[in-house]
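Each remark here refers to the structure printed beneath this line.
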Amino acid sequence: MHMKEFKIKWGMVIDIDKCTGCGACMVACQVENNIAPMTKKDPYNYVQALTKDRDDADNKLRTLTWMNVYELSNGKSFPEHEVAYLPRPCMQCGNPACVPVCPVVATDKNEEGGIVSQIYPRCIGCRYCMAACPYHARYFNWWDPLWPEGMDKQLSPAVSPRPRGVVEKCNFCHTRYAKAKDQARENGEDPMNLAEGAYVPACAEICPSGAITFGDLNNPEHKVHELAKSPHAFRLLEKLGLHPQVYYMSKREWVRKQGDNYNAGDKH
Amino acid sequence: MDSKLFPEGVQRCSFGKFLIWSCFILAFFLWGLYAAVLVLYNGIGTTGLDNYFGFGLWITFDLAVIALGAGAFFTGFLKYILKIKQLEKIINLTVIVGFICYSGAMLVLTLDIGQPGRAWFGYWHPNVHSMLTEVIFCITCYCTVLIIEYVPLILEQKQLNKVPFIHALAHNMHVNMALFAGLGTFLSTFHQGSLGGMYGVLIGRPYAFREGFFIWPWTFFLFVISAVGSGPVFTVLVCTFMEKLTGKKLVEYKVKALMGKIAGTMLTVYVFLKILDTWAWATGYLPSVGLTFDDMFYGVAYGKWMMFTEIVLCGVLPAIMLIVPSIRNKPALLYTAALLDCIGVTINRYVFTVQTIAFPAMPFDKWYVYYPNWVEWASSVMIVAYGFLVLSLSYRYLPVFPQERHLNYK
Amino acid sequence: MGFDRRTFIQLSVGGTVGILFTPVLWKALDDVSIWTQNWPWIPRLKYGALEDQPAVSKLCDSGCAVKVRKVAGSAFGTEGNEDSPLSKGGICPICANAVQVMRNPNRVKGPMKKVGEAFEPITWEDAKSMVADKLAAAKGKVAFISGDQTGTANEVFSGFLAGIGSEDYLQMPCDMQAASRAYNGVMGGTGQVAYDLENSDFVLLAGADAMESWGPTVANQKAFAATHPTGEKPTAIYMLASPVQTRTASVVDAWIPVPEEGMATFLLGVAYHLIRAGKYAGAADFGSFRSMIMDAYAPGKVEAAIGVKGADTAALAKQLLAASDPIVVPGGTSVATATAAFAVNMLLGSLRKVSEFPKVIQSAMSTSERMSKDLLTWVNKGAAPAVAMVYEANPAYSLPDDFKAGFVVSFATEWDETAAKADLVLPNAFTFERFDDMQNPYGIGKQTYSVGVPVCRPTLDVMASTDFILDVAASMGINLGFDSFAEVIAAKAEAVGADFDEASGGQYEGSYSSARASVLGASVLSRAAAPVRGNGAVVLAPYSQLIVGSQNVATTPNAPCVISTNVLKGGTLVAMMCSATAKKIGVSDESKIKLSGGNGEAAALVKINEGVLPGAVAVPLGLGHTVGDEFSKGVGDNVYKILTVRSEAATGATVWTGSTVNVAKM
C-alpha cells in the first residue's frame, strides 16, 4: 500500500500502565473542542418538542467523545483479575482507512505533521468514513450542538461548533499546532522543528498521571521517538496495516495482547 | 370516468376501486413521509443509527433495491445491444421497476446523509479515489438515464401522444434509446461494481476487506453479477404479482422463463465465484490478520446461519432451479427460485452493510446489535409505497405491456 | 412544426446550457453551502486576546491549582498550573470542567428566602439583617457546617461562631478528619500527617484510592508518574489494599483485596511481621501494642477475620522492610484504620507531618480543632440548633442521616438538596469569582499554600460568604480584626510567607518534619480494630469517582458521556460484584436489583466484575441527586442513603464501613 511520508509525524505514546481512566482528558477535549454537553431538549426546535427527546449521555453510542477511554480486563476470575484503561484518540493513521473512502475530500492526510484532517463545512455526513474506521475514532453529530442557557457565553476559540449531520473526530487539537508554529515564527525559530512541549494537545496537557507523551515521532529530540521503539510499545490492530501514529505501551503482556487479534496464531 | 386515458384496447378497474387502492397505498406513503419529515427536520438522531452503526437499514435497502433494479440495465443491454427481441415484451416493466428502484434509492440517500443540502458536493469536490464518488456519479447519471427511458413511455400515453410535438419527441427518444441503453449498461456496471468495491476496500473491516485482486476486479464483479443474477427475476416477480392483482396475463410465460434462465446463468457464475471468495477470505486473509472464520460471527443476529442461508439456500439452490429447464418451466418453482434469489442478494447486501461494521475489530470492544427503529422502517416503506403508486399509475394509464391486449382479449 | 433529431438535440443541449449560464443555480448552491454551516442557533465564536490566569479551583475536595483560560477577557476553560506543586500541569476531571460549572444555569442567581414552599428574591442588605436577627435570637444555639477542608474561610466562620458563643463548628466527614483525630487525638501528636509520595520508594495505599478520589489526587498522580517514568524502570512500588479494583488499582504494581471494615486488622497483621522482624517505635505504649499484636493479629487470626493470607501480609511486610522510604496511606473515615496505619508508619520510621500555618483570626479554630468534632455523632445525639449555616457542603445529600435545625442558611453556589431545604440561600461567589486559598491539602507531602484571587467578574448577584459573614459580624459588634476577606487572605499570605500579589495570587512551599506521637494507640486499637459488619446479605463497598462528582459537587456538564457503563447504565446505577457473589445471591449480569439498607433503598443493575471482593458489592457514590441540573438530577440513586452509620468502638468516630444491604430482584 502506498503511504505518504512526512518529515514531521505527530504522534502519541500512551502508557497504559499509567492511565488511571479518570476521564480528565475526555473533559478537557470537550472543552477545548466545543463539544456541547448532551442535553435532551432543543429549545429552538418545536417539532422536536412534540416528538422524541434528543439523546443524553446514557446512550454511549451517540456521544461525541473524540477521546474515549476504554476499560480492559484480563478476563480472569477473582483474585487474578486485572483491569487497565486505554484512552483512544484518533490514531492519525499513516495509511488511514477513512481518507480514501470520503467521496468529497472532507478528510485528508496531506499536511506536514501527518494529522488526518476533517473539514466540517465540506462533510456531507454520509458516514462512510465511520464505517471504514475500525477504531471508532469518528463520530457523527446526531444533534445540533446546544449548550444549556448561558454556558455558551464564551466558547473555546479553537474550533467552531459543528452543525448536526457532519462527522467529527480528534485532530490532535490542530489549532494548537497552528499556534505553536506561529509562535515559533514570531520567536525566529523554525516552525518545522518545534521543541518538545511547544505543541501539546489538550488531553496530553491535562493528564494528571502523565500517561500521554506527545511529540514528533520523526524527531530524535522528542521523547516519543525513542518510546515508540520500546519493546513494550505496540499499536492497535497493527496487522490491519493502518500504521497508526498513536502508540501504546504496557509492561503487562495481557494488555499488549489486546492491542491486536491473535486468535489465528501469529502468522502474518 | 377516466377510461379515455387508458391504453388502447384494454380494460381497467373502476375509478372508485382505483381510488380506494391508491388511498390504501397513500396511507403507507404518508406514514413514511411523516418519518422523512422528522428525519429532515430533527436530524438523523431520530433513527436507530449510532456511531457504531453509521450504516443500517437505509443503506441495506438502497443496495438491495439497486441490485434488484438491475433488471433494467441488463434487460436493456440484452434487448438493445444484443438484440434479443423477445425481451421487448417485458422491457417497459424493467425500465419502470429500475426507475422506481433508483429514484427510491436516491430519495433514501437524501435522508441518509447528514447534510442533504450538500449532496451535490460529490460533484463539486469529488474524491476520485472513493468508491462512493463513483457510486454517486453513476447512480445520479443512471437515474437520469432511467428517467429518459421512462419519459417516452409516459409520452406514449394515448391522449398525450395525440399532441404532435409530444409524439415527435417520444419518437425521437425511442430512436435514440439504444444509445441510452448502452450508456445505462456502462454506468450500471460501474456503480454496481463500485458498490461491491465500497466494502472490499474497507481495510479496517476484516469482514468485508479483500486484498489486491480480490478487491478489483473480484468484489466488483461479485456485486455486478449478483445484481444481474437477481434483477431480471425480480422484474418477473413484480410482473407476476401484477398479474395476480389484476387477474390478467401481462407477459407470456416464455418470456418469464427466459428471464429466469438469464438470471439463473448469472447466479450460477456468481455463486461459484462467491464460494471461492469466501473460501479464500476465510483461509487466507482472515488468518493473516490474526482472525478466524468463527470470529466473524456472533449470536443469532450475526450468526453463521445467515451466511449459509445467503449462499446455499438462497444461492446454490435457486441457481440450480433456474438453470434446470424442467424446474424453470414450472411457474410455481420459477417463482420460488426467483424469490429465494432476491432474498439471497438482499441478505448479501445486509451482511456487507451491517455485519461488516458490527464486528468489533478491537479485541477489547464488543459486538453490538443494531435494530432499525420505526423511522427507518417507515421511510423505507414510503419508498415501497411510492413504487406501488408509480406502478399502479403506469399500469392504468400507460401502454406498459405490449402483449396485454393479445393475451387477454384476442 | 417540424421536430426532428436536430431540434431535439438543440432543445435538450440548449436547455441544459441555458440553465447553467443563469446565476440562479450557482447562487442557490453557494447559498446552500453557506447556510448549512451557519444556522442561527449554532453559537458563534468570539475571538480576542488569549490569557491564562492562575487561580484555585475548590470544586473537588482537595482543590486544584489551575489556570483559567480566557479569550477577550472571558473565561472558557481551565488548564493545569505548571508552577504549582499541587498541579504540575494536571487537573482533576471536576476542575477541568470548572468554567462550565460556573456558567451552569443551575447557579443560584441571587439571595433567596423561603416563603412557604417557594423561594423569593431578597436583597443582600435584608439578608444580612435577617441573619443577624436570627443569630441574635438563637442565643448561641448556632451550628456551622463546612465542607471546606483547606480554606482560611474556616477561620472567619469559626471565629465568628466563637463570637456568638457557639462551639458547634462541624466539618463534613472526610478522610482528613479521621487522620487528624487519629494523630492529634488518639496518638497525641500535633500537626497534620503528611505523605511524601514523591520521595517514597514503597507506597501501600490502605484503602486510599489515591489516584482517583483520595487526597490531592492530581498531586498523587503526579508523584506516581514521577516514580514511574514512561519507558523507564519505576523507582517506587505502589500497592493498593481495597475491596474493589478501583482506578487506582489499574495502575498500581499490586492489588490486595481487603475489605474496608478489615483495613485496620490488615494493617495490624502487617505490623505483626514488622515487630517480629524487630521493628520498634519509641512510643509510651509500645509494650502493650506489641503484646496486643502478638496476641490478636497473628497471621492465622488475621486470615480468619478478613480472609487475607498470612503469606501475603508477610510478603508485604518484607517489601516494606526492604524499602528505604516506605509509607502506608490510610483511606476512609475510620479513626482505627488511620491509627493503625500511623502505627505501622512509626514502626517503619516514616511517619511525617506538616505543621499548621499560623492563624490570622485569633478567635478561630485551628485545623485540628475543626476536625475534632464529629458531625454525625452530633446529629445523632439529637442536636437541634436554632440556626445552622452550611458552607461548601451538601449535607442534605451526602449525610447518611438527616440533620435538623430551626433555620438553615445555605451558602450554595448551585442549587442542591441543602439549598432547596434551606430557609435562606445566600449564593457564594464561584471559586473563580472570590478570594480563596488552600492550606496543606490533606495528603500532601510537604507544607503547601496556594492563594487564588478573583479572576472572573461575577455575572450573578452573588457574594463571597466570607465577606458576608464579616459584614454580619461587624453589624453584630463582633470584631474579627478584618473588614474584608481580601485583607484576611493578604494577612494569611504574609503570615505563611507566600509571595502574594492581588492580581495573580501566590503560593508557598515548605517542608515536612518527622512526626512525634506519644502513643501508638494500643488501648484504642485493641477495641476498635476488629472488623464490624452488618447483618445484610452483602457488604457495601462504596467508591468515588471524580467524574461522577464529589460529596459537594454534582456531576459536571461534560462529565456524563465520560462516566462508564460500569458505574451508570441507562440512568440506573451499576452494582458490581464478582461471579461468586452473584451466584450466591442468585443474580447475573444485567439483573435489576434493589439494595436496601441504612435509611433507604437504591435500584441497581448487576455487573459482573471479578475485581470485587467476594461477598461485597461495589456501588458508586455521588449519583441520585434530587435537586440540580439535568446532568445529575434523577440520575441513578444516592448510595449515601443506604449506608449504615455506626459509632466506632473506642474512637467514637462515625463510620459506615461494613455497611450491609439486602438484595431483592426487581
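The values are calculated or read from the model by the stated rules, or taken from the named source; none is laboratory data. These figures come from a predicted structure and were not determined experimentally. Don't worry about glycine lacking a Cβ; one is built from the backbone with ideal geometry, like all the others, and counts go over all protein chains shown.
Among the criteria (1) more than 23 Å from C:V539 (Cα to Cα); (2) of a type outside the set (D, E); (3) touching a residue at least 24 places away in the same chain (Cβ under 8 Å); (4) in contact with a Phe, Trp or Tyr (Cβ under 9 Å, 6 or more places away or on another chain), the one C:H228 does not fulfil is (3). Which one of these does C:G307 not meet: (1) within 34 Å of the chain's Cα centre (by Cα); (2) on the phi < 0 side of the Ramachandran plot? Going through (1) within 34 Å of the chain's Cα centre (by Cα); (2) on the phi < 0 side of the Ramachandran plot one by one, C:G307 breaks only (2). Between A:N187, A:N141, the distinction of being of a type in the set (S, T, N, Q) and over 20 Å from the mean Cα position of the chain (by Cα) belongs to A:N187 only.
Count of region B:39-52 residues, restricted to those that are part of a helix (DSSP H, G or I) and surrounded by fewer than 21 Cβ atoms within 10 Å (Cβ to Cβ), is 2. Among the residues making up region C:494-514, those that are at negative phi and part of a loop (DSSP other than H, G, I, E, B) are C:A498, C:E502, C:A503, C:S504, C:G510, C:S511, C:Y512. If I filter region A:39-48 for residues that are touching a Ser or Thr at 6+ places or on another chain (Cβ under 9 Å) and in a loop (DSSP other than H, G, I, E, B), do I get at least one hit? No: zero hits. For region C:611-622, the set of residues classified as within 8 Å of chain A (Cβ to nearest Cβ) and either under 16 Å from C:K665 (Cα atoms) or surrounded by fewer than 24 Cβ atoms within 10 Å (Cβ to Cβ) (or both) consists of C:P614 only. Annotation: B:K79 fulfils all but one of (1) in contact (Cβ under 8 Å) with a residue 12 or more places away in the chain; (2) surrounded by fewer than 17 Cβ atoms within 10 Å (Cβ to Cβ); the unmet one is (2). Of all the listed residues (B:I139, B:I59, B:I100, B:I148), the sole one being closer than 19 Å to B:H191 by Cβ, assigned to a helix (DSSP H, G or I) and facing chain A (nearest Cβ under 10 Å) is B:I59. Give the residues of region C:115-165 that are on the phi > 0 side of the Ramachandran plot and not assigned by TED's automatic domain parsing to the domain that holds C:P427, sorted by residue number. The answer is C:G116, and nothing else. hydroxyl-bearing (S, T, Y) and within 21 Å of C:S242 (Cα to Cα) - does that describe any residue in region C:552-566? Yes, region C:552-566 contains a residue that is hydroxyl-bearing (S, T, Y) and within 21 Å of C:S242 (Cα to Cα). Residue-level check: of (1) of a type in the set (V, I, T); (2) buried (at least 22 other Cβ atoms within 10 Å of the Cβ); (3) within 14 Å of chain A (Cβ to nearest Cβ); (4) over 27 Å from A:M151 (Cα atoms), C:I608 misses just (2). Once region A:31-85 is narrowed to residues that are within 9 Å of chain C (Cβ to nearest Cβ) and among the acidic types (D, E), the residue that is surrounded by the fewest Cβ atoms within 10 Å (Cβ to Cβ) is A:E80. Scanning region C:1-56 for residues that are within 14 Å of chain B (Cβ to nearest Cβ), among the basic types (K, R) and surrounded by 11 or more Cβ atoms within 10 Å (Cβ to Cβ) yields a count of 1.
Residues that are within 28 Å of C:C60 (Cα to Cα), in contact with a helix residue (DSSP H, G or I) (Cβ under 9 Å, 6 or more places away or on another chain) and part of a helix (DSSP H, G or I) within region C:125-176 comprise C:A153, C:N154, C:E155, C:V156, C:F157, C:S158, C:G159, C:F160, C:D175, C:M176, listed in sequence order. Residue pairs whose Cβ atoms lie under 9 Å apart, sitting 6 or more positions apart in sequence or on different chains, and linking a residue in region C:126-137 that is among the polar types (S, T, N, Q) to a partner that is in a helix (DSSP H, G or I), are C:S129/C:V472; C:S129/C:S475. Each residue in region B:198-217 was checked for being assigned to a helix (DSSP H, G or I) and surrounded by fewer than 24 Cβ atoms within 10 Å (Cβ to Cβ), and 6 of them qualify.
Restricting attention to region B:153-188, the residues that are more than 25 Å from C:R6 (Cβ to Cβ), in contact (Cβ under 8 Å) with a residue 40 or more places away in the chain and either among the hydrophobic types (A, V, I, L, M, F, W, C) or not in a loop (DSSP other than H, G, I, E, B) (or both) add up to 3. Based on what the data block shows, is C:E79 among the acidic types (D, E), surrounded by 21 or more Cβ atoms within 10 Å (Cβ to Cβ), touching a residue at least 12 places away in the same chain (Cβ under 8 Å) and outside the structural domain of C:T150 (by TED's automatic domain parsing)? Criteria met by C:E79.
If you check every pair at least six apart or on different chains, which have Cβ atoms under 8 Å apart with a residue in region C:558-571 that is in the same structural domain as C:V617 (by TED's automatic domain parsing) first and a residue that is of a type in the set (F, W, Y) and modelled with pLDDT of 95 or more second? That search, which allows pairs on different chains as well, returns C:A559/C:F631; C:P560/C:F631. For region C:205-228, does any single residue satisfy the condition of being of a type in the set (D, E, K, R), more than 14 Å from every other protein chain (Cβ to nearest Cβ) and either out of contact with any Cys (no Cβ under 6 Å at 6 or more places or on another chain) or in a helix (DSSP H, G or I) (or both)? For region C:205-228, residues of a type in the set (D, E, K, R), more than 14 Å from every other protein chain (Cβ to nearest Cβ) and either out of contact with any Cys (no Cβ under 6 Å at 6 or more places or on another chain) or in a helix (DSSP H, G or I) (or both): absent.
A count restricted to region B:152-169 and to residues that are within 10 Å of chain C (Cβ to nearest Cβ) and in contact with a Pro (Cβ under 9 Å, 6 or more places away or on another chain) stands at 1.
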